[in-house]
Amino acid sequence: MDRPLTGDLRSDGGVLDLAAYEKVGGYEALHKVVREMTPADVLKEVTDSRLRGRGGAGFPTGQKWSFVPMGDDAPKPKFLIANADEMEPGTFKDRMILEGNPHLLIEGMILSAYTIQATNGYIFLRWAYKVAAERITRALAEAYDKGYLGKNILGSDYSFELHLHTSAGRYMCGEETGLLNALEGKRANPRAKPPFPQVSGLWGKPTIVQNVETLCNVPPILRHGAQWYLGLSRSEDGGTKIYGVSGKVRRPGAWEMPLGTTMREILERRARGMREGHSFRGVLPGGASTDFLVEAHLDTKMDYGSVQAAGSRLGTGLMIVLDDKTSVVGMVLNLERFFAQESCGWCTPCRDGLPWTARILQGLLEGRGRPGDLERLEMQTRMMGPGNTFCALAPGAMEPLQSALKYFREDFEKLIPKSDAA
Amino acid sequence: MATIYVDDRPYEVDPGKNLLEECLSRGLDLPYFCWHPALGSVGACRQCAVKQYRDENDQRGRIVMACMTPAMDGARISIRDKDAAQFRAGIIELLMSNHPHDCPVCDEGGECHLQDMTVMTGHNYRGYRFGKRTFRNQELGPFINHEMNRCITCYRCVRFYRDYADGKDLDAFASHNHVYFGRHEDGVLENEFSGNLVEVCPTGVFTDKTLKGHYTRKWDLQTAPSVCAHCSLGCNTIAGERYGQLRRILNRYNAEVNGYFLCDRGRFGYDFVNGDRRLRQPLLRGQPTGAPEALRRAAALLGRQSRIIGIGSPRASLEANFALRTLVGPRNFFSGMAAGEDHLVARMLRALRGARVRTPSLHEVESADAVFILGEDVTQTAPRLALAVRQAVKQAPRTEAMRLRIPRWDDAALREVMQQQKGPLYIATSGATKLDEVATASCRGAPDDVARLGFAVARALDDSAPEVAGLADGDRALAEAIAGALRAAERPVVISGSGSGGEAVIDAAAQVARALGRERTADLCFTAPECNSFGLGLLDAMNTSEAFQRVADGLVDAVVVLENDLYRRAPGAVVDAMLESAQVIAIDHSAHKTVEGAAVALPAGSFAETEGTLVSNEGRAQRFFQVFVPEGEVKPGWSWLMELAQAAGRNELATLASPDDLLAALARAVPVFAPLPEHLPTAAFRVNGEKVPRQSPRASGRTAVQADVTVHEPKPPADPDSPLAFSMEGYPQQPPSALITRFWAPGWNSVQSLNKFQSEVGGALTGGDPGVRLLEPGANGYAAYSEEIPVPFERRDGEFLVVPLYHIYGSEESSAAAPAVAERCPEPYAALNLEDARTLEVEEGALVEIEFDRALYRLPARLSAGMASGVIGVPMGIAVQGVDVPAWSPCRKV
Amino acid sequence: MLTEQERERIREEAGHYDYAQAACVEALKIVQEGHRWVSDEHLKEVAELLGMSPEALDSVATFYNLIFRQPVGENVILLCDSVSCWIMGYEDIRAHLKERLGVELGETTADGKFTLLPMACLGTCDRAPAMMVGGDLHRNLDNGKVDEILGRYRQPPET
Ligand SMILES: Cc1cc2nc3c(=O)[nH]c(=O)nc-3n(C[C@H](O)[C@H](O)[C@H](O)COP(=O)(O)O)c2cc1C
Ligand code: SF4
Ligand code: FES
């Protein structure tokens, strides 16, 4: 069992129904937990497993749960939400599990909810995932029928209601506090932190928002224990990771591998290297909002610490490859247009800075570049640096730009007419 | 207290506040947009960035938003830091990237927070070279202009309108850099506080449409501190004039009264001053004449031998009323209030001057954590109080949310925890009220039943209060619930007023407050009919019916009517009869039936053309000042009275030459007014030997003002009566709080400069808020419980009880003459319960006929689920006036 | 006017939450199922059903990408324009679609069959370029495939 998340997926792309899931050990962890473990026990196990969030920020999961107020006088109800909004360009990992093994997510959610004693849960699914929506709906019904969900789960005094909520499309819905507003039927603007959702989340009540992949790690951790889980990894953090590659490689796709597998191994062994006639120039290691890395970084281990040391972020762990035939400036323009379009419009640097950024890039490509444009772009990256904007969207948007300006500066400079021509 | 370091200087601060407000409170300049002192922080605009350092050794620091960072002990920040300064300039540049740069044609120009902040950040070169987005503007009704291209997306408008004032029809649409603020389609902004958008919006998106009709830049306006005359709350305003026209009203902050906000009646009702109903010349039996002739004729009527009486006015100043009282003698002076009104005011004052209860300021109402309203539709009769109640309703849930250690200023976070929770608010009235939407429970009944509920609440609070006989179980349960909520609250407030017309309602409210006040003085807030009703009530005069009686008895030769349309005080036939049997001298600012029927009418100054003192519903005496010298033969009411006395050879007013003299004499004559001369600024007041200028140092084109007549610069009129000057010369710095003619400070041209006038952001004005409270709880006095509990209301066959209804636009006399307000006035109607309508077989809009107080009315029916059964509501000042209601009336379908 | 059935569904959705507003996006999607887009009239009806002002509901409606406040055609084509699809030839597909449909992005064909809209990442980047038509996902697109897909939607439904 070295691929606890995807090892059981059907090769035909079909879905594991409840019976099939149970056959491979599904819901064993749940049986065990409600019978033998207190919430504190579960929390300890998850903390010891060194599971970190797979949604992009990589926050230690056990630690996040520990901030939820517990005990009789804790506010009620508490909520657990699966973040299945997956809209980060270049990212398609949660879809695999949602379509292939929804019960894994459901079991993960029940266990996580039990740990924080949440009584209500939502799967916040992006609208475009139609197949997933159907399959989750069916799986939920199965789980309710079997008594895994609802009142007094497996005869215990723990109850948990779980609903599917589909959004209406917006990248901001993936940001955890934007998600809360979206669920409440409001504009998906982010909320200020503090207070953190663990204290004041959905409708002002304690709430945990967790990425789908993160939650799917919980059943195996509880089934096999934290030590086993740590052993899966090639890094100091526990577990496996779903890595993926898109762009002009021979075999794009996503694969579950030990956390800490090197970039080269993923690109060469799994994605089978670059397509005929294309060579590698760079890569966004973990989705659209991470910094470019280049050839020199290919032996970097894809774990939280190593990618960060190389100057980028693990992000979602899904790589977008830049080849030599693709325009760097064009690619960055595409990314910045996306971010400008998806900006919620709440804070100034992002709302007004991203469209400006995109227009400068567009100007460069259309032969309307001007001296000073690159300095202006650099200024934008500073204006939208971490902490300067209200949420992480804009700083994320600046990561590919600032690193492109660093590694591929000549591609930009080429597009600026000499000043005497102006 | 905590110590923070700003650019290495220590400052003592309140750790419950954020860094932005504390910096501003300490006099430091830091630009901001989305933060508003009354609305709190949301961190959207990112304009207030500063560098924060971990400790003395931290050299790098990080940028934080001052408005989102608590002023914690030991915090070290830098405003001057280069990165922070560059960031702030960069934010302005971004905000301006889509801005049309149309300052020269923008109404906000010269008092624009965006301009000020742009200058403050030092941004001056525009780097953005691409196209701008453009929006379509909306038609938002008679009060507000909309120019969305100027928007900088600070979200203040929706945060005020929707979150603070509970308005429904303004919101944010779309996203990214297309965010749009407006209605979902063109139409009138419905909320009663829409005018505040003009001041809340930091740029020229929402501007004053009435000002646009006669536009003048801020620096060209001649301005003076004023007090709103359109209801009893006494909100402080700044009134501005140019070329003899009153141009606009702005809010004048008073922490205890109106704070940052006014209602739309107060803001837009001023235009009656410029209206065509103004009286600018004396009239003899309706025919214009010159002042000497008018005075001669009037003097003939007021000779020594004549038996004269004076009818004052609850909308005129204490000074003018007292001048009249002095002229005719206290035993011949009548308050100008109708009998019913007079009794209501007297009851309210009696309760407030008694023990156990205290009248709260508006600010105190805002922080109440339980409210019980009896018989008053405050949104219509005292609108700013309704806005305060809406804040009070948020008080209890906010206190609860703050237990999660969310600071008071962290508005968005508090809202998320509070959601739609509401603190206790109970309302008992005869008709539906707008506040019902935020009430815990509201119930409907005829005024006597409203009173009974109040008495029952008092009883539930204190069983030594008299029992209410024959109370229905439902009412008893409701009374228990209300009593429970009031008892559990830390700062409960009981609100009532003259609006129901029921004396028992007022007694009941007082009873509740007394019962609550057994342990600790309880807050009891009454709204009065007009801006100086309480002032007149404290003068303790006879009412107008008594005046009519005296005339009818043949005991009067001449009547002086001061600023009063008697047709609003008594049935037309009664007034007609008086105008026939006695010679009337009417003094008023606008023409009305009384003026037209008078033997002599003299043109008085409006609130903007005179000065005087009004006593608000809080018992707060406040001074308003003359803004400009009117054209024509208009003179202050008191001034006419002095001239009349002199012309008639009477010497009652001989020793009194100015409003100050009048006030001093009043203070000697009526003890309750004793504190006035000491607390209100007099004409002798000078700073450094100088008066306070009404014009800004930048008033332009003074030599050109009369260029069509003469090229010589006109000499400014003298003003012996006030500490203000009709000039730009004078004391150039901040005057004492009562004399603030404009909010302006170096670098701060917009109303946001207010922070430079406050002791701290959101706190009292420097030197204390203006006005003096005349009603403090009496140690002894009437505290005994009333035993006069009315019997349950019983409907009658074929008859209905006519009860008064009010409208913010239309019910009040002078504002209704302002064209923009007139557009919002409803048509006359009679409101009926659905059930009653069915019985009478009337449909919406069908004419019904009612007859009461000696007059017959035909009114279109308005069916309202919110009316109590067995009563008919008629809008006062719109469908009827001069009637004594509640009154029984037959009702027929026409 | 909404059908009684639609109203019932919206009421039921609202019943799932303590605050009816939480169901507003779902309610708008129910409207779109029946009417393709949300007209001003429908917006007001839904607002009333949920106890919201039209402004409050429209504020939410105009925020989300997939709530259509303008009429759309029978089939909405959501063409992924995000980075992986762009690398893999989105622009060619876009040009081809525009040519075949005779419309620009954001427009509806004259026969009302298709509306062509750009869409952010569809989460199928390993099989780019991709688009959704109606609710169906189509991936690894090339011009031939696009023609074939359009043909399928153009054909009158088999009887
Ligand atoms: C603009 C933005 C979009 C995001 N989108 C997603 C998303 O689609 N899915 C997700 O799991 N996390 C997303 N995140 C991260 C979430 O905010 C949050 O960190 C995550 O759901 C926490 O779960 P985890 O700890 O399990 O990673 C996004 C963050 C930002 C700033
Ligand atoms: S950075 Fe600001 S505008 Fe951008 S998405 Fe976040 S809050 Fe919205
Ligand atoms: S005033 Fe601080 S972010 Fe707007």
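Under 5 Å from the amide H of B:Arg248 lie the amide H atoms of B:Gly240, each residue being 5 or more positions distant or on a separate chain, with H modelled from the backbone and absent for Pro and chain starts. P(r) for chain A, from all Cα pairs and a bin width of 20 Å, is 27, 56, 16, 1, 0 %, short bins first.
Only helical DSSP H runs with n ≥ 4 go in: add -39500 (n - 2.57) per run for chain A, normalise by residue count and round the 222 nm mean residue ellipticity to 500 deg cm²/dmol. So the calculated ellipticity at 222 nm is -11500 deg cm²/dmol. When Rg and Dmax are taken over the Cα atoms of the range A:240-323, they come to 11.1, 34 Å.
May I ask you to derive the FRET efficiency for C:Ala110 and C:Lys44 from their Cβ-Cβ distance with R0 = 30 Å, giving the value to the nearest 0.05?
Details: r = 30 Å, r/R0 = 1.00.
Plugging the Cβ-Cβ distance into 1/(1 + (r/R0)^6) gives 0.50.
For the range C:46-62, 3J(HN,Hα) computed residue by residue from phi via the Karplus equation (6.51, -1.76, 1.60; θ = phi - 60°) reads 4, 4, 5, 4, 9, x, 10, 7, x, 4, 4, 6, 5, 4, 6, 4, 7 Hz, glycine and proline entered as x. In the range C:4-61 the Cα-Cα distances spread across 10 Å bins starting at 0 as 26, 63, 11 percent of all pairs.
Extending 7 Å from Cα along the Cβ direction at B:Glu799 and again at B:Val894 yields two label points whose distance is 2.4 nm.
Can you give the FRET efficiency for A:Phe59 and B:Asp463, using 1/(1 + (r/R0)^6), R0 = 45 Å, r = Cβ-Cβ distance, to the nearest 0.05?
FRET efficiency, A:Phe59 to B:Asp463: 0.15.
Set the bar at 30 Å for Cα to Cα. Now go through A:Lys130/A:Lys406; B:Lys218/B:Lys691; B:Lys212/B:Lys635; B:Lys51/B:Lys756; A:Lys193/A:Lys406 and name every pair that lies beyond it. Flagged as over cut-off: A:Lys130/A:Lys406; A:Lys193/A:Lys406. Calculation over all alpha carbon pairs of the range B:799-893 in 10 angstrom steps from 0 returns a P(r) of 18, 50, 27, 5 percent. Across peptide C:62-74, the average count of Cβ atoms from other chains found within 10 Å of a residue's Cβ is 5.
For the range B:2-95, what does the alpha-carbon gyration tensor say about shape, rounded, prolate or oblate, given a ≥ b ≥ c as the root eigenvalues, a/c under 1.5 as rounded, and a/b over b/c as prolate?
Working: a/c = 1.90, a/b = 1.15, b/c = 1.66.
Here the range B:2-95 falls in the oblate category.
For the set A:Phe59, B:Phe33, the ranking by accessible area, highest first and with no ligand, DNA or RNA atoms included, is A:Phe59, B:Phe33 under a 1.4 Å probe.
Specify whether the C-alpha gyration tensor of the range A:4-109 places it in the rounded, prolate or oblate class, a ≥ b ≥ c being the square roots of the eigenvalues: rounded for a/c under 1.5, otherwise prolate if a/b is larger than b/c and oblate if not.
Working: a/c = 2.06, a/b = 1.34, b/c = 1.53.
Verdict is oblate for the range A:4-109.
Out of every Cα-Cα pair in the range B:349-528, what percent are more than 25 Å apart?
Working: 4495 of 16110 pairs.
Above the 25 Å cut-off, the range B:349-528 has 28 percent of its Cα pairs.
Under 1.5 on a/c is rounded, so check that first for chain B, then, if it is not, pick prolate when a/b is larger than b/c and oblate when it is not; a ≥ b ≥ c are the square roots of the alpha carbon gyration tensor eigenvalues. Oblate is the answer for chain B, as a/c is 1.5 or above yet b/c matches or exceeds a/b. Modelled label positions at B:Asn124 and B:Asp73, each set 7 Å beyond Cα in the direction of Cβ, lie 4.4 nm from each other. Remark: the range A:197-211, residue by residue, has Karplus-estimated 3J(HN,Hα) of x, 4, 9, 9, x, 4, 6, x, 9, x, 9, 10, 10, 9, 5 Hz, where x stands for each Gly or Pro and the curve is 6.51 cos²θ - 1.76 cosθ + 1.60 at θ = phi - 60°. Solvent-accessible surface of the range C:75-154, averaged per residue with a 1.4 angstrom probe and all protein chains in place: 37 square angstrom.
Taking one quarter of the surface of the convex hull spanned by the alpha-carbon atoms of the range A:285-422 gives a direction-averaged projected area of 8.4 nm². Compared with the rule-of-thumb size 2.2 N^0.38 Å for a compact globular protein, the range A:18-231 has a Cα radius of gyration ratio of 0.93. Per residue, the accessible area of chain B comes to 35 Å² when a 1.4 Å probe rolls over the protein heavy atoms.
Scale the Cα Rg of the protein assembly as shown by the rule-of-thumb value 2.2 N^0.38 Å and send over the ratio, two decimals. Spell out each step's value before the answer.
On the way: Rg = 36.4 Å, N = 1475, 2.2 N^0.38 = 35.2 Å.
Here the answer is 1.03, to two decimals.
For peptide A:242-251, what's the mean number of Cβ atoms from other chains within 10 Å of each residue's Cβ? Display every interim value, and only then the final one.
Details: counts 0, 0, 2, 3, 11, 7, 3, 1, 0, 1.
Going residue by residue through A:242-251 and averaging, the value is 3.
Heavy-atom accessible area buried between chains A and C is around 3400 Å² (1.4 Å probe, both sides summed). For A:Glu276, B:Glu366, A:Glu378, the ranking by accessible surface with the largest value first comes to A:Glu276, A:Glu378, B:Glu366, using a 1.4 Å probe. In this rough spin-label picture, where each label sits 7 Å from Cα along the Cβ direction, the B:Gln733-A:Leu154 distance is 7.7 nm.
What order do A:Ile416, A:Ile153 take when sorted by accessible area (1.4 Å probe), most exposed first? Can you show the working numbers first?
Numbers: A:Ile416 25, A:Ile153 0 Å².
Sorted descending by solvent-accessible area, the residues read A:Ile416, A:Ile153.
In order along the range A:42-59, the phi-based Karplus estimate (6.51 cos²θ - 1.76 cosθ + 1.60, θ = phi - 60°) of 3J(HN,Hα) comes to 5, 4, 5, 4, 5, 4, 5, 6, 6, 6, 10, x, 9, x, x, 8, x, 6 Hz; Gly and Pro are listed as x. Put simply, the Cα atoms of the range B:81-211 extend 45, 28, 26 Å along their principal axes, the longest span coming first. Geometric descriptor of the range B:39-94, per residue, is 78 Å³ (volume of the convex hull of the Cα atoms).
Please give the calculated 222 nm ellipticity per residue for chain B, where each DSSP H segment of at least 4 residues contributes -39500 (n - 2.57) and the sum is spread over every residue; nearest 500 deg cm²/dmol? List each step's numbers first, then the result.
Values: 25 runs with 230 residues, N = 894.
Helix-only estimate at 222 nm: -7500 deg cm²/dmol.
Amide H contacts of B:Gly310: B:Phe333, B:Phe334, B:Val560, each under 5 Å away and 5 or more positions distant or on a separate chain (H built 1.01 Å from N in the peptide plane; Pro and chain starts excluded). Reducing the range B:274-318 and the range A:129-184 to their Cα centroids gives an inter-centroid distance of 79 Å.
Peptide B:413-420 is shielded by partner chain Cβ atoms: per residue, an average of 6 of them sit within 10 Å of its Cβ.
Show me you know the interface measure: the accessible area buried between B and A, both chains summed, probe 1.4 Å, in Å² to the nearest 100.
Details: alone 33480 and 17350 Å², together 47570 Å².
Approximately 3300 Å² gets buried when B meets A.
For the pair B:Asp7 and B:Asn149, a Förster radius of 45 Å applied to the C-beta separation gives a FRET efficiency near 0.75, rounded to the nearest 0.05.
The range B:132-148 and the range B:777-819 have Cα centres separated by 41 Å.
Expressed as a whole percent, the accessible area of the protein assembly as shown that falls on carbon and sulfur atoms is 49 (1.4 Å probe). Rolling a 1.4 Å probe over the protein heavy atoms leaves A:Thr389 with an accessible area of roughly 10 Å². The solvent-accessible area of A:His224, taken with every protein chain present and a 1.4 Å probe, is close to 70 Å².
Residues whose amide H falls under 5 Å from that of C:Phe114, counting only those 5 or more places apart or on a different chain, are C:Glu74, C:Asn75, C:Thr109, with hydrogens built in the peptide plane.
The values are calculated or read from the model by the stated rules, or taken from the named source; none is laboratory data. All values reported here derive from a predicted model rather than from experimental measurement. So basically every Cβ, Gly included, is an ideal-geometry build from the backbone, and we count neighbours across all protein chains shown. Protein only, heavy atoms only, side chains kept; ligands, DNA and RNA dropped before computing areas. Shrake-Rupley method; radii C 1.70, N 1.55, O 1.52, S 1.80 Å.
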